[in-house]
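The values are calculated or read from the model by the stated rules, or taken from the named source; none is laboratory data. Here the structure is a predicted model, which means the values were calculated and not measured. Cβ placement follows ideal geometry from the backbone for every residue including glycine, while neighbour counts extend to all protein chains displayed. The area values use the complete protein model at the heavy-atom level, side chains included, leaving out ligands, DNA and RNA. Shrake-Rupley method; radii C 1.70, N 1.55, O 1.52, S 1.80 Å.
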Amino acid sequence: MPGGLPSQQQPNMFQVSSHPLALLFLILFKSCALALYLLGNFFTDNFILIFVLCVLTLAVDFWTVKNISGRLLVGLRWWNEVNEDGTNQWIFESRDQAVGVNASDSRVFWTVLYATPGVWGLLAIVAFFSLKIQWLLIVIIAVLLSAANLVGYLKCDKDQKQRWNQIASGSSGSFMGNMVSGFMGNSVAAGFMGRLFSRG
């Protein structure tokens, strides 16, 4: 190195993460599901075993992302409830506006969230044109679960921004109202004092 200075390694995403364990599991379960799908056939010819392991891994990944990873990495959480009349209701949780989010965690989370259904979508096309219908079942489940998480978090993020905008608008309105009230009050007081001192 010039000048004899030691090279400085850039910290990886786990070193700069506020929640490295949550980040690890965000990537781990997705990688395991892909590895089982792509490489499982090299270790066993039992499709049922591969199918069960893939679906279990995908289900664990779905639950982890929905309930843990999103809450810790970007401060968001969503779920869907069925009302008594049979209609679905989306429910969202989000962090307080004063609580910041690690930029690296947020970038990795959203990148992985967008990329996952895309990757499984490409594998679905390959399985379809290869006429591997049984493997297509795994891919369809993967696409549905990953897409559900993506849609849920997009709705949750949109809801969070709307609520923050409403809070900001309300704060601005209150601030302007206080300014106008204060100005009018000062004007009335100044007029009263002027009349008081102008009287002979």
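Data for the structure
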quantity: Extreme residue, farthest from Pro117 (Cα to Cα), among residues of segment 56-71 that are open to solvent by less than 60 Å² (accessible area, probe 1.4 Å) and among the aliphatic types (A, V, I, L, M); calculated: Ile68
quantity: So Val119, is it surrounded by 13 or more Cβ atoms within 10 Å (Cβ to Cβ) and modelled with pLDDT of 95 or more; calculated: yes
quantity: Ser106 being free of Cβ contacts under 8 Å to residues at least 40 places away in the same chain, open to solvent by less than 70 Å² (accessible area, probe 1.4 Å) and in contact with a helix residue (DSSP H, G or I) (Cβ under 9 Å, 6 or more places away or on another chain); calculated: yes
quantity: Which numbered condition Glu81 fails, given (1) open to solvent by 50 Å² or more (accessible area, probe 1.4 Å); (2) charged (D, E, K, R); (3) not in a strand (DSSP E or B); calculated: (3)
quantity: Selected residue [closer than 29 Å to Gln162 by Cβ, touching a His at 6+ places or on another chain (Cβ under 6 Å) and in a helix (DSSP H, G or I)] from Leu23, Leu72; calculated: Leu72
quantity: Exclusive hit being touching a residue at least 60 places away in the same chain (Cβ under 8 Å), in contact with a helix residue (DSSP H, G or I) (Cβ under 8 Å, 6 or more places away or on another chain), closer than 22 Å to Ala142 by Cα and surrounded by 15 or more Cβ atoms within 10 Å (Cβ to Cβ), set Leu23, Leu53, Leu36; calculated: Leu23
